[in-house]
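Have a look at the structure below before the remarks.
Rule-based calculations on the coordinates, nothing more; no lab input. Note that this is a predicted model, so its numbers are computed, not measured. Glycine gets a Cβ as well: all are built from the backbone with ideal geometry, and neighbour counts include every protein chain shown.
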Amino acid sequence: MANPGIWRNEPAAPRAEPETGRPARAPGNAARGAVAMDPPAGNTLGIHDLLARLDSLAEENYFDGPTADATGPARLGALADPRCYRDPLNIAGWGANGLRAMLGGMIAIRETEIALGRLVESGDVVCPVHLAVGQEAIPVGVSHNLDASDRVFGGHRSHGHYLAQGGDLDQLFAEVLGKDAGCSRGMGGSMHLFAPETGFWGSVPIVGATIPVAVGAALAAKMDGKGAVAVAYFGDGAAEEGVLHEALNMASTMKLPVLFVCENNLYASHMDIAQRQPHDSTARFAHAHAVPAMVVDGNDALAVARAAGRLIGESRAGRGPGYLEAVSYRWYGHVGPDENIDVGLRRSAEELAAWKQRDPVMRLGAAMTARGDLTDADIDSMRADAAARAAQAAERALAAPYPEARALFDYVFARRAG
Amino acid sequence: MNYARGIRDGFQYLLKTYPEVFAIGQGLWSPWYVGASMTDLDKEFGTDRVIDTPVSELATTGAAVGASLCGYRPIVIHPRMDFMILAADQIVNQAAKWSHMMGGRASPAVTVRAIINRGGEQGAQHSQALHSWYAHIPGLRVVTPATASDARDLLIASVLCDAPVLYIDNRWLYECESPDSPVVELKLEEEGPRVLRDGSDVTLVGSGYATWLCLQAAEVLAADGIDAEVVDLRVLNPFEPGAVIRSVRHTGRLVAVDDGWQTCGMAGEIIAAVAEAVEPACLKSRPARITLPDAPAPTSKTLEAAYYPTVEDVVNAALAQLGRAPAPKLAKAS
Ligand SMILES: Cc1ncc(C[n+]2csc(CCOP(=O)(O)OP(=O)(O)O)c2C)c(N)n1
Ligand SMILES: [Mg+2]
């Protein structure tokens with residue numbers, strides 16, 4: 001039996017051309033058109049409805065049929081192999097301005113993370129700081145499809161999620177340093193970011209905790225009826241918490257507009273995913289709950305943007321949740337700027353070096369310079385600008401005052417803001 | 001022997017002596033999660049008996065409960081008490097109640113080890129000391145070692161006890177030394193509060209890290225000619241206040257210290273026990289308590305420094321009991 005819930009837009013063969021649009025299976029007869037897009041009656045989603053709905057999403061993607069069975073999809077294969085997907089991105093059809101914005105977004109996240117890492121090394125930052133260098137393409141690709149009316153939630157590694165939504169840089173640095181000018185008034189630090197004015201509705205470090213919260217935000221969005229969606233970012237480790245399964249089931253049954261984004265970086269702190277799960281792809285959980293899923297190269301901002309766009313589009317149209325598994329790798333260790341070599345089964349200097357060749361920034365940058373959108377010097381100056389902005393924000397935050405002592409009690413019980 | 005070493009020695013003794021003991025929890029194969037308290041136990045006893053797990057607190061704890069019903073003596077490790085809340089159903093509704101619900105025929109002899117890991121600007125979800133919360137649960141023994149030898153011997157006693165036990169240790173104690181002593185197999189049912197230091201002027205009562213605060217404060221007070229008696233609770237549930245009551249009858253003054261929150265906390269329980277049992281005429285002043293303020297942990301450096309009770313706070317509370325002015329500023333506790 002083919003697995004109806006799993007979609008991949010990348011062929012599994014090594015060195016494969018990403019985004020070929022090559023269908024592995026001819027679309028079924030019910031694939032396109034009115035039947036496919038009509039939501040099924042009531043809350044039940046028959047297997048044919050689901051197939052039809054998925055086929056309607058297919059376009060450039062192909063259905064990962066042959067490997068799927070009742071136990072779930074194939075392994076990530078090439079997506080988890082850092083020797084693959086190193087080439088410049090295929091940017092055909094993307095305009096230079098949009099790409100420049102995405103590249104700039106990724107560079108800004110990277111330079112910010114690096115600057116925060118330096119503050120950890122200098123001892124100015126004491127709170128735990130989880131850096132996401134190497135994973136910048138995911139939030140940039142997802143937020144490409146969102147605006148401030150949407151509701152994004154994150155976890156312990158969420159600086160990028162916050163920045164991609166347009167979260168304020170000065171407030172981020174102030175927050176990490178525990179200053180009153182921080183986005184959470186210095187009460188939360190790195191792991192408790194909040195910028196609802198941008199659509200970023202909060203990150204917390206209890207693993208998996210914001211998954212059901214995002215489902216609730218999606219319920220509110222559905223009740224509002226204005227087409228907003230919620231996004232829950234979480235890691236492959238969070239997929240081991242029972243709450244993901246409850247949340248997927250509920251969102252699916254209630255057809256809530258929520259995108260589950262699993263940033264699968266193959267590790268949860270010191271543990272390789274192979275030590276924790278029987279499969280390295282988490283999209284099988286979406287399949288189990290009849291939630292359409294796409295598995296993409298998480299170091300390809302365009303693949304992420306396209307897949308997220310498609311799933312979010314379905315959600316906005318009232319057809320329920322989606323699941324995006326974006327495969328990536330963190331260049332730093334679990335916490336702080338240390339590289340954490342030799343933890344888990346696999347992570348080694350060689351593995352890290354190999355993943356650095358699948359650099360999401362470089363791959364987009366190289367494609368743009370090859371097409372003549374940008375020069376290498378342009379990229380260098382984008383990087384220098386971002387670094388300078390981060391350095392400035394750090395300086396301002398270092399000089400900013402701490403909260404007053406009364407802040408300890410001021411926010412314990414919620415009061416209506418304003 | 002320091003406290004972390006005491007814990008490790010306890011594990012080593014149990015794993016060596018009792019084949020039915022195993023340890024399971026997040027971070028057991030990691031150099032980071034549990035500090036020096038379990039270093040290389042996986043290498044010594046194998047990864048079949050020292051098991052690192054997926055990020056699944058609830059299932060891990062439930063699995064330990066299940067194995068304990070079937071003859072094993074598992075120790076579930078939660079490297080941070082805050083994350084253990086995800087497993088609360090298995091601890092509170094299951095382990096703590098099976099014996100009672102099954103008419104005494106079931107004995108979930110599971111030990112749940114929770115680590116209090118706070119400070120370092122980690123914030124509200126990475127700082128909690130929830131011992132009072134769990135001590136509220138009938139059927140769940142709650143143990144809070146304050147010394148290195150108790151860290152070892154109460155761990156062993158917890159695992160050998162047929163009832164479910166929540167064993168809580170605090171990373172702020174890991175470096176604290178106590179004199180070497182031979183391993184003893186205690187009966188947890190017979191263990192309770194203990195006087196760690198004799199004195200006649202004021203009684204200081206604590207558990208876990210709060211006991212360390214009391215001991216330090218007693219040193220400072222001694223330099224000032226004040227004899228403080230320190231009572232370490234050791235076992236919070238079932239709570240046996242006898243030693244506290246005897247001490248307060250003797251000193252007439254009480255400072256209850258707890259590194260948890262005040263409302264519905266252990267410090268209030270201590271004072272209530274004294275209020276019920278000690279004749280009013282015995283009391284030379286009104287009992288006081290030193291606790292965390294009723295607020296979640298902050299992250300900010302300055303707020304964090306104000307948040308945690310210090311030796312100075314305990315000293316000043318004791319001085320106030322004696323009608324004395326606060327001491328000049330002492331160095332902050334670690
Ligand atoms: C409920 C809970 N359990 C455990 C932890 C400790 N912890 C923090 S991050 C982490 C790993 C999470 O891995 P993953 O979800 O893959 O995210 P990544 O760190 O890879 O971004 C763990 C176990 C926690 N914060 N919360
Ligand atoms: Mg991960």
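In µm²/s, what is D for segment A:77-399 at 37 °C and 0.692 mPa s, where D = kT/(6 pi eta Rh) by Stokes-Einstein and Rh is the Kirkwood radius from Cα pairs?
169 µm²/s
What's the FRET efficiency of residue A:253 with residue A:149 using the Cβ-Cβ distance as r and R₀ = 22 Å, to the nearest 0.05? Spell out each step's value before the answer.
Details: r = 25 Å, r/R0 = 1.13.
The value I calculate is 0.35.
Taking a temperature of 10 °C and a viscosity of 1.306 mPa s, what whole-number D in µm²/s does Stokes-Einstein yield for segment B:3-190 with Rh from Kirkwood over alpha carbon pairs? Working shown, then result.
Working: Rh = 16.2 Å.
In µm²/s, the coefficient is 98.
What percentages, rounded to whole numbers, describe P(r) for segment B:276-334 computed over all alpha carbon pairs with 5 Å bin width beginning at zero?
Reading upward from the zero bin: 4, 16, 19, 19, 17, 12, 8, 4, 2, 0.
Can you tell me the FRET efficiency between residue A:353 and residue B:70 if r is taken as the Cβ-Cβ distance and R0 is 35 Å, rounded to the nearest 0.05? Display every interim value, and only then the final one.
Values: r = 47 Å, r/R0 = 1.35.
Working from the Cβ atoms, E equals 0.15.
Using the Cα atoms of the protein assembly as shown to build a convex hull, what is its mean projected area in square nanometres?
Numbers: hull surface 138.7 nm².
The orientation-averaged projected area of the Cα hull of the protein assembly as shown comes to 34.7 nm².
Under Stokes-Einstein, with the Kirkwood radius over Cα pairs standing in for Rh, what whole-number D in µm²/s applies to chain B at 4 °C and 1.567 mPa s? It would help to have the intermediate numbers written out before the result.
Numbers: Rh = 20.2 Å.
Rounded to a whole number, D works out at 64 µm²/s.
Setting aside same-chain residues fewer than 8 positions from residue A:226, which lysines have a Cα under 28 Å from its Cα?
Of all the lysines, those that pass the test against residue A:226 - Cα under 28 Å, at least 8 places apart if same chain - are A:255.
If packing is taken as the mean number of other Cβ atoms within 10 Å per residue, what is the order of A:394-403, A:78-87, B:250-259, highest first?
Working: A:394-403: 16.9, A:78-87: 18.6, B:250-259: 25.3.
For the peptides A:394-403, A:78-87, B:250-259, the packing ranking is B:250-259, A:78-87, A:394-403.
Among B:300, A:149, B:68, rank each residue by its count of other Cβ atoms within 10 Å, from fewest to most, as a rough exposure measure.
Placing the least packed residue first, the sequence is A:149, B:68, B:300.
To the nearest 20 debye, what charge dipole does chain B have about its Cα centre, counting +1 at the Cβ of each Lys and Arg and -1 at the Cβ of each Asp and Glu?
320 debye
Between residue B:224 and residue B:279, what is the FRET efficiency for a Förster distance of 25 Å, r being their Cβ-Cβ separation, to the nearest 0.05? Don't skip to the answer; put the middle values down first.
Details: r = 29 Å, r/R0 = 1.14.
Approximately 0.30, to the nearest 0.05.
Would you mind telling me which residue in B:22, B:239, B:45 has the biggest mean-square fluctuation in a Gaussian network model of chain B, where springs connect alpha carbons within a distance under 10 angstrom?
Sorting by GNM fluctuation, first place goes to B:45.
Dimensions of segment B:194-321 along principal axes (Cα, Å, largest first)?
Rounded to whole Å, the extents work out to 44, 35, 23 Å.
Obtain the nm distance between the two label points defined at residue B:44 and residue A:371 by a simple spin-label model: each point lies 7 Å from its Cα along the Cα-to-C-beta direction.
6.1 nm
In sequence order, what are the phi-derived ³J(HN,Hα) couplings for segment A:268-274 according to the Karplus relation 6.51 cos²θ - 1.76 cosθ + 1.60 with θ = phi - 60°, rounded to whole Hz, with x for glycine and proline?
10, 6, 8, 10, 4, 4, 5
Treat each spin label as a single point 7 Å out from the Cα along the C-beta direction, and report the residue A:411 to residue B:190 distance in nm.
A separation of 5.2 nm, rounded to one decimal place.
Checking the table B:16/B:187; B:187/B:284; B:301/B:329 against a 26 Å threshold on Cα-Cα, which pairs fail?
B:187/B:284
Is any helix in chain B, taking whole DSSP H runs, at least 20 angstrom long along its axis by alpha carbon and on average at least 0.0 on the Kyte-Doolittle scale, and which ones?
Membrane-span-like by this rule: B:209-223.
Search the structure for amide H atoms under 5 Å from the amide H of residue B:290, placed 1.01 Å from N in the peptide plane, and list their residues when 5 or more places away or on another chain.
Distant-sequence amide H within range of residue B:290: B:256, B:257, B:258.
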